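The next block holds one structure in the form of structure tokens; read it before the comments.
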DNA sequence: CTCCGTGCAAACTTTTTGCAACGGG
DNA sequence: CCCGTTGCAAAAAGTTTGCACGGAG
């Protein structure tokens, strides 16, 4: 699961963008990589107490612009971040409607094919030029399975 | 396109929740209904200058809890709202990666079938109990088709 | 020496909440 | 009358920005 973090690719992308692959950025990439699922600010700061949020946000912006990180908007107000599909490969997400947690998820190839087809057929629709797709499977994660079903309140932490 | 707004269903739902279907709420429902796509606060307040945002937010919460309105998190920071699927029927969205605008979109039945199948097969995955799905087709809307492709900045307005 | 990156604090944006006044049933 | 609803203003939550310092190239 914890295969070596994609430091080289990230470094290349950053340097192409005229940015350095500093210690803080490496730590961020390692954290995103080992987390294995899209993380939010709470998770990041919980993992490194004292780390200033502004630096984290700034580094996330830099990494996003370099194409190394993707920012996702979950159901809640908090943004979530993960390594980009260019590093991680194409995938989708399971989203817990109770706590907002996300997990990566690969759909079966037939479904992926159907989504590709839908993207292409939508390419003509309404003047919209569709270029990609994003699927969320909503439900309850293991933690929330038994708690307040139907609710939308966030869970304690992580 | 502008079939009669679903006042009766909304009213029923609100009354079941012990809430009234006031003028402000009716106006909101009419606006959501005639807009025909998920709208954000800017669009709402632009349509009714002077209307206090707090009331709009509160009414949206009430309507959401009554199951008449759904809150969507677009790519940007602003939340978008539309009439719930219970009123509008099941559908998905085209999302402009440049300006954040969303349009409703029905996928072909085969794709919908594949999504259902994926939802069911994910039901077993990771302890996640998948109960529904949400598909976004990303691309450029008609307005943004020629402008700054690849960018993620919002467009002027509406 | 020159920039890029960092930390801190303050600003900003979006959304929520408290409180007093209003008005329909 | 009562209680849900409204408006205004203040607060909260999340994110962004300005500025000065420090370290890498």
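Values quoted throughout were computed directly from the atomic coordinates according to the rules given, and no laboratory measurement underlies them. Computed from a prediction, not measured in an experiment: that's the story for all the values here. In this analysis, Cβ positions are derived from the backbone assuming ideal geometry, glycine residues included, and neighbour counts consider all displayed protein chains.
In this label model, residue A:41 and residue B:61 are separated by 2.0 nm, measuring between points 7 Å along each Cα→Cβ vector.
Among B:72, B:14, B:32, A:51, which comes first, second and so on when ranked by fewest other beta-carbon atoms within 10 Å?
Lowest count first: A:51, B:72, B:14, B:32.
Each copy carries residue B:124; placing its label point 7 Å along the C-beta direction from Cα gives inter-copy distances of 3.8 nm, listed from smallest up. What separates the residue B:23 label point from its copies, with the point 7 Å along Cα to Cβ, is 6.4 nm, written shortest first. Going 7 Å from the Cα of residue B:104 in the Cα-to-Cβ direction, what parts of region B:42-77 have a backbone nitrogen less than 16 Å from that spot? In region B:42-77, the label zone of residue B:104 (backbone N under 16 Å from the point 7 Å along Cα→Cβ) covers B:68-72. Ascending distances from the residue B:86 label point to its copies in the other chains, with the point 7 Å along the Cα-to-beta-carbon line: 4.4 nm.
Stretch residue B:126-residue B:88 to full length: gain in nm at 0.36 nm per residue minus the Cα-Cα span?
Stretched out fully, the residue B:126 to residue B:88 stretch lengthens by 10.5 nm.
Consider a paramagnetic label point 7 Å from the Cα of residue B:48 along Cα→Cβ; state which residues of region B:18-41 have an amide N under 16 Å from it. Once the point is set 7 Å along Cα→Cβ of residue B:48, B:20-36, B:39-41 turn out to lie under 16 Å by backbone N, inside region B:18-41. Which shape class applies to chain A: rounded if a/c is under 1.5, otherwise prolate when a/b exceeds b/c and oblate if not, where a ≥ b ≥ c are the square roots of the Cα gyration tensor eigenvalues? Verdict is oblate for chain A. A straight line joining the Cα centroids of region B:1-74 and region A:8-80 runs 37 Å.
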